[in-house]
Amino acid sequence: METPLTGRIRADGEVVTLAEYRRAGGYEGLRRALGMTPAEVQAEVKASKLRGRGGAGFPTGIKWSFVPMGPDAPRPKYVVCNADEMEPGTFKDRLLMEGDPHQLVEGMIIAAHAIEASVGYVFLRWAYRTAERRLRRAIAEAYEAGLLGRDILGRGVDFDLHVHVSAGRYICGEETALLNALEGKRANPRAKPPYPQVSGLFGKPTVVNNVETFVNLPHILARGAQWFDGLSTLSADGGTKLYGVSGRARRPGLWELPIGSTAREILYERAGGMRDGYRLRGFLPGGASTDFLTEAHLDMPLDFDTPMKHGSRLGTGTMILLDDRTCPVGMNANLQRFFAQESCGWCTPCREGLPWVSRLLDAMERGDGRPGDLEKLAHHAHFLGPGHTFCALAPGAAEPLQSGLRLFREDFERHIAERRCPYGGSA
């Protein structure tokens, strides 16, 4: 099984240097890309079936195609990497940046050439100090080697790359809020349209992609779209995916597998199954802002389309496990407390609704739940859902709540009837 994204990452935790990266074929994808026109690079990425790995799963090449091209297009254009990674339960981008940062640098240069951008930013979570240090060193190495700056590899392409360390807010995972923060403004989402590809950073055409999305590009350009598409398993999506598991598994961790791998394979073959004495009740398949699934879904391919048919999403592909000794009400209370804290306050349902949800769940955990609370929670889950808020933060928060109410309703009812948490309070 091929693991192009993680195959070079060292077991000793040290970073892959520029020399090591180039010996393993690094920057050959960039060399090929610079011999192609921007339109040809976009076509290659479209043919690869690469979809955004930040959670939304939008086809990458199609996203780029919305950028105005040609001599009359606005300048400068920007490429921005969302490396904030604030989704609870998600830690895949950290591995890539700390272990093999030149993949990200090369991928961003390729993307810049594809949309004729001249400036790039890595919008990095403040807590990722090791990633910051290693990224800055990789960028310096790339400048020294003529891989960044003016006339890259003698092909007449100019591109400068910068690291921006963010103050760290979950809302910055929304690309327009990220752009506002990058401009020095409050991180509130923007109205769309216009979309960032037309009017983004400083009002200029901008593409925002996730770390894992960018690091696929060197491999697609070096080895071709057909090879990349062939890496997936029974999936309409191309490539591999970084899948993670956190919770009471024997070996929590992160693995690069063909996209379309099943939850059963990830949990039982990679993570070693549940710890002794614990049984799986459910799991969030792609971080905290996805709907709960159950054991009945373990053999479902985890690609971008299949989980949606079963009422959830792939999200970031990093599973959070719910075991039979953890209170689903307490787990939801913990998640909703986070989402309420991270709301930017821009729209009323999110600003007012999430704190109400958090207080109701905390009260239920304390034994202060009242008849009618479940109906209130269901009401909030509906009005926090898609179409009722300015961005996707509140709809994401509603996903574990609405699915928790549906799948584990007896646990919610017991909290009210017994006026206590049957699990001893695990929020």
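The values are calculated or read from the model by the stated rules, or taken from the named source; none is laboratory data. It should be emphasised that the depicted structure is a prediction, and the values quoted were computed from it without experimental measurement. Cβ: placed from backbone, ideal geometry, glycine included. Neighbour counts: every protein chain shown.
Please go through the range 13-24 and pick out each residue that is assigned to a loop (DSSP other than H, G, I, E, B) and over 19 Å from LEU148 (Cβ atoms).
GLY13, GLU14, ALA24
List the helices (runs of 4 or more DSSP H) inside the range 172-291, counting only whole elements, that have at least 3 residues being over 19 Å from the mean Cα position of the chain (by Cα), touching a residue at least 24 places away in the same chain (Cβ under 8 Å) and under 24 Å from LEU50 (Cβ atoms).
211-223, 225-229
Among the numbered criteria (1) more than 19 Å from LEU284 (Cβ to Cβ); (2) out of contact with any helix residue (DSSP H, G or I) (no Cβ under 7 Å at 6 or more places or on another chain); (3) in contact (Cβ under 8 Å) with a residue 24 or more places away in the chain, which single criterion is violated by GLU410?
Of the numbered conditions (1) more than 19 Å from LEU284 (Cβ to Cβ); (2) out of contact with any helix residue (DSSP H, G or I) (no Cβ under 7 Å at 6 or more places or on another chain); (3) in contact (Cβ under 8 Å) with a residue 24 or more places away in the chain, the odd one out for GLU410 is (3).
With respect to TRP64, is the statement that it is surrounded by fewer than 16 Cβ atoms within 10 Å (Cβ to Cβ) and within 26 Å of LEU393 (Cβ to Cβ) true?
It is false that TRP64 is surrounded by fewer than 16 Cβ atoms within 10 Å (Cβ to Cβ) and within 26 Å of LEU393 (Cβ to Cβ).
Among the residues of the range 304-325, is there at least one that is in a loop (DSSP other than H, G, I, E, B), aliphatic (A, V, I, L, M), surrounded by fewer than 23 Cβ atoms within 10 Å (Cβ to Cβ) and under 21 Å from the mean Cα position of the chain (by Cα)?
Checking the range 304-325: not a single residue is in a loop (DSSP other than H, G, I, E, B), aliphatic (A, V, I, L, M), surrounded by fewer than 23 Cβ atoms within 10 Å (Cβ to Cβ) and under 21 Å from the mean Cα position of the chain (by Cα).
Looking at the range 59-114, which of its residues are in a loop (DSSP other than H, G, I, E, B), within 13 Å of GLU132 (Cα to Cα) and of a type in the set (Val, Ile, Thr)?
Selection gives nothing.
Go through the range 123-154 and give me each residue that's of a type in the set (A, V, I, L, M) and in contact (Cβ under 8 Å) with a residue 24 or more places away in the chain.
Result: LEU124, ALA127, ALA131, LEU135, ALA138, ILE139, ALA142, ALA145, LEU147, LEU148, ILE152, LEU153.
VAL165 is checked against (1) surrounded by fewer than 22 Cβ atoms within 10 Å (Cβ to Cβ); (2) among the hydrophobic types (A, V, I, L, M, F, W, C); (3) under 27 Å from GLY61 (Cβ atoms) and fails just one. What number does that condition carry?
Only one criterion is unmet by VAL165, namely (3).
Filter the range 115-148 for residues that are part of a helix (DSSP H, G or I) and of a type in the set (D, E, K, R); which is nearest to PRO71 (Cα to Cα)?
Ranking the candidates gives GLU144 first.
Could you go through the range 36-45 and let me know if any residue there is closer than 28 Å to VAL165 by Cβ and either of a type in the set (Asp, Glu) or touching a residue at least 24 places away in the same chain (Cβ under 8 Å) (or both).
So far as the range 36-45 goes, no, none of its residues is closer than 28 Å to VAL165 by Cβ and either of a type in the set (Asp, Glu) or touching a residue at least 24 places away in the same chain (Cβ under 8 Å) (or both).
Which of the following residues is under 30 Å from ALA271 (Cα atoms) and either at pLDDT 95 or above or surrounded by 15 or more Cβ atoms within 10 Å (Cβ to Cβ) (or both): ARG359, ARG406, ARG420, ARG414?
From the options ARG359, ARG406, ARG420, ARG414, the qualifying one is ARG406.
Being under 32 Å from the mean Cα position of the chain (by Cα), of a type in the set (Gly, Ala, Ser) and in a helix (DSSP H, G or I) is the filter here, so list the residues in the range 385-427 that pass it.
Matches in the range 385-427: ALA394, GLY396, ALA397, ALA398, SER403, GLY404.
Quick one: how many residues across the range 67-106 are within 28 Å of ALA288 (Cα to Cα), buried (at least 19 other Cβ atoms within 10 Å of the Cβ) and basic (Lys, Arg)?
Residues meeting the conditions: 1.
Within the bounds of the range 299-319, is there any residue that is touching a residue at least 60 places away in the same chain (Cβ under 8 Å), of a type in the set (D, E, K, R) and touching a Ser or Thr at 6+ places or on another chain (Cβ under 7 Å)?
yes
Tell me the residue from SER246, SER235 that is modelled with pLDDT under 95 and either crowded, with 23+ Cβ neighbours inside 10 Å or polar (S, T, N, Q) (or both), please. Let's see the steps before the verdict.
Values: SER246 fails: modelled with pLDDT under 95.
Going through SER246, SER235 in turn, just one is modelled with pLDDT under 95 and either crowded, with 23+ Cβ neighbours inside 10 Å or polar (S, T, N, Q) (or both): SER235.
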